[in-house]
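S.K.: The structure follows.
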Amino acid sequence: MSLDSPLPLTILIIRHAEKPGETWPGSGLTSDGQEDEKSLVLRGWERAGAWAVLFGTSLGAESYPRPSAVYAANPEAIFLDETSQRPLQTVIPLSERLGITPIISYSVGQEVQLVSEVLHSSGVVLICWEHKAITEKILPGIAGEQKIEDLPHQWDETRYDVVLRFDRISPEAPWSFCQLCPCLISGDSTVLLT
């Protein structure tokens, strides 16, 4: 690649998979089956496997390209007196399938630093994060001054099934944006976030 070549960037953003609570009863479970309230519930582990198939094979075709880098919130960092294993657990099956190590350099609360690093990347980057921080910090950080139609302002508390996708052909080019609803697991929705 010559130095004059554009550096296209695709950013895929997903929320961590299902957690313990009213919607999905049962305990969170570690990968070895130990109960842990900071981990995914069984349906969350199913979704993590479904993401691995969608993004880690050719089944996703052009809409769901294979990531060259995967970011997840640091599971050991404390934010609002809590830690969470869920973002990293969500991408472990995908990272293993791709043969890459997830990048966990940033924690919830460090979205500015995360976005800054990702915006200086090229290729396909997947981010798995906490839903409120996605809509409040990550999306506005990526969009910057650009007005993007259909950029969601909140993430429905019950939704774990949406992919937000940004594309640009070079660092100077405007973003294109879309929401994708792949309907991987029964009960998933095609309704877009608002």
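The values are calculated or read from the model by the stated rules, or taken from the named source; none is laboratory data. Treat the numbers as computed from the prediction; the structure is a model and nothing was measured. Virtual Cβ from ideal backbone geometry, glycine too; neighbours counted across all protein chains shown.
S.K.: Filter region 56-97 down to the residues that are in contact with a Pro (Cβ under 7 Å, 6 or more places away or on another chain), assigned to a helix (DSSP H, G or I) and polar (S, T, N, Q) and list them by number.
M.R.: Ser95
S.K.: In a strand (DSSP E or B) and either more than 23 Å from Leu7 (Cβ to Cβ) or of a type in the set (Ser, Thr, Tyr) (or both) - does that describe any residue in region 169-179?
M.R.: yes
S.K.: If you don't mind, there's one more thing I want to ask. Is it the case that region 108-124 has a residue that's in a loop (DSSP other than H, G, I, E, B), modelled with pLDDT under 95 and among the hydroxyl-bearing types (Ser, Thr, Tyr)?
M.R.: Checked region 108-124: no residue is in a loop (DSSP other than H, G, I, E, B), modelled with pLDDT under 95 and among the hydroxyl-bearing types (Ser, Thr, Tyr).
S.K.: Kindly list the number of the only condition in (1) touching a helix residue (DSSP H, G or I) at 6+ places or on another chain (Cβ under 6 Å); (2) within 20 Å of Leu180 (Cα to Cα) that fails for Ala69.
M.R.: (1)
S.K.: Starting from region 93-117, take each residue that is closer than 16 Å to Pro67 by Cβ and list its partners that are exposed (fewer than 15 other Cβ atoms within 10 Å of the Cβ), counting only C-beta distances under 7 angstrom and pairs at least six apart or across chains.
M.R.: Ser95/Thr101
S.K.: Shifting gears a bit: Can you find even one residue in region 158-170 that is free of Cβ contacts under 8 Å to residues at least 60 places away in the same chain and surrounded by 13 or more Cβ atoms within 10 Å (Cβ to Cβ)?
M.R.: no
S.K.: Just give me the residues in region 14-48 being out of contact with any strand residue (DSSP E or B) (no Cβ under 8 Å at 6 or more places or on another chain), outside any helix (DSSP H, G or I) and touching a residue at least 40 places away in the same chain (Cβ under 8 Å), in sequence order.
M.R.: Listed by number, the residues that qualify are Ala17, Glu18, Lys19, Thr23, Thr30, Ser31.
S.K.: Scan region 88-137 residue by residue and report those that are under 15 Å from Phe55 (Cβ atoms) and touching a His at 6+ places or on another chain (Cβ under 9 Å).
M.R.: Within region 88-137, Thr90, Val91, Cys128 meet the criteria.
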